[in-house]
Amino acid sequence: EKKLSDFERAVKLRRMLYETLVDKKLTDIPFVNYDYGKVFGANCEIVVGYIPIPVGIVGPLSLNGEYLYVPMATTEGCLVASTNRGCKAITASGGCQSVLLKDGITRAPCLRLPSALRAAAVKAWLLSPDNYALVEEAFNSTTSYGRLESIDATIAGRNIYLRFCCMAGDAMGMNMVSKGCLKAIELLEVEFPDMELIAISGNMCTDKKPSAINWILGRGKSIVVEAIIPDKIVKNVLKSS
C-alpha cells in the first residue's frame, strides 16, 4: 500500500500472490468497490478483501421519548424479525426509559512487592487524597480526553492489583488507560523502588472474558433500562401469556 499508493491495486496484487501460494482462487472473497483507506494502518493488515454482511433495520423503538431505528448486521435468521417484534411491543407500551449509572474503562496492572506488608503499604499510600491527586495528575497528563475516575487496590500475597478506572470520552479507551497506567506506575516506582511491574494487565480489568468483578464494579457503560409491557401487548404482539 505504501509503495503503490493505490490501496485496491495493492489488495489485488496480494490476492494474486496468495492464490499462487495456496493454489486456490479467492473469488468468494470480494475486494473491489471498498474504501481501503479507512482500513490501512488502523483496522486490518495484509488485506485480501472484505466480507459483506446483510444489514436489517428495526424500529421504531421509543427510548427516553425519542423514536429510534437501529441497523443490525447479522447472518442469524429471525434475529432481526424477533428484535423488531420486541421494539414494537416496547413502543406500543409507551416506550422504555434508560439511565447511565457509570461510565469508565478499566485496566488492572499487577505489581509485586518484597512482602505482603509492603503491598499493603502501597494500598495505604494510595488512600491518601494528596497521594491519589499525584497519581491522578500523572495519569491524566498522558491524554487529552481520558480522566482517571478511581483506583481499586486488591492484595493477594505480595502482589497488588490496581484497577484503574478511566473516563475515556467517545473512545473504547484500552490504549488510553494502559498508557495512563504506565505513567502512574512510574510515579509509584519512585515512592516504592522495590516494586516490580509483573503485567500491565493483571486480569482484574477484566478484558475480553466474562468476569464477576465487571458485574460488581462495572466496566464500560453500566446502564439500567425499564419497560412495562401490559398483558394486552404480551398477548397481541408477543403472542404469549
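Where a number appears in this text, it was derived from the coordinates with a stated rule and is not lab data. Keep in mind the model is a prediction, meaning the values are calculated, not measured. Using ideal geometry, Cβ is built from the backbone for each residue, glycine included, and neighbour counts are taken over all protein chains shown.
3J(HN,Hα) along region 164-173: 6, 10, 10, 6, 10, x, 8, 7, 4, x Hz, from the Karplus curve 6.51 cos²θ - 1.76 cosθ + 1.60 with θ = phi - 60°, whole Hz, x for Gly and Pro.
Cross-link partners for residue 208 among the lysines, with Cα-Cα distance under 16 Å and sequence neighbours closer than 8 places in the same chain left out: 221. Restricting the trypsin sites (Lys or Arg not before Pro) of region 187-231 to loop positions (DSSP other than H, G, I, E, B) with no more than 16 neighbouring Cβ atoms within 10 Å leaves 208. The lysines within cross-link reach of residue 123, meaning a Cα-to-Cα straight distance under 23 Å and a gap of 8 or more places when in the same chain, are 179, 183.
Treating the Cα atoms of the chain as identical point scatterers in vacuum, please give the log10 of the normalised Debye intensity I(q)/I(0) at q = 0.07, 0.08, 0.12, 0.14 Å⁻¹, two decimals. Computed log10 I(q)/I(0) values: -0.44, -0.56, -0.95, -1.01.
Under 19 Å from a point placed 7 Å out from the Cα of residue 50 along the Cα-to-Cβ direction: which residues of region 67-82 have their backbone N that close? 71-75, by backbone N distance to the label point. Compared with the direct C-alpha span, the chain from residue 23 to residue 92 gains 19.2 nm at full extension, assuming 0.36 nm per residue. Annotation: extensible slack from residue 100 through residue 78 equals 4.9 nm (criterion: 0.36 nm per residue apart, minus Cα-Cα distance). With neighbour counts taken as other beta-carbon atoms within 10 Å, the residues 160, 198, 105, 46 rank, fewest first, as 46, 198, 105, 160.
Between the alpha-carbon centres of region 42-97 and region 118-176 there is a gap of 36 Å. Close amide H pairs (under 5 Å, H built 1.01 Å from N) link residue 149 with 165, 166, 167, residues at least 5 positions away or on another chain. The Rg/Rh ratio of region 102-221, with both radii computed over alpha carbons and Rh defined as the Kirkwood radius, is 0.94. When each of 205, 110 is scored by the number of other beta-carbon atoms lying within 10 Å, the sequence from fewest to most is 110, 205.
Set the Cα radius of gyration of region 1-52 against 2.2 N^0.38 Å, with N its number of residues, and you get 1.09.
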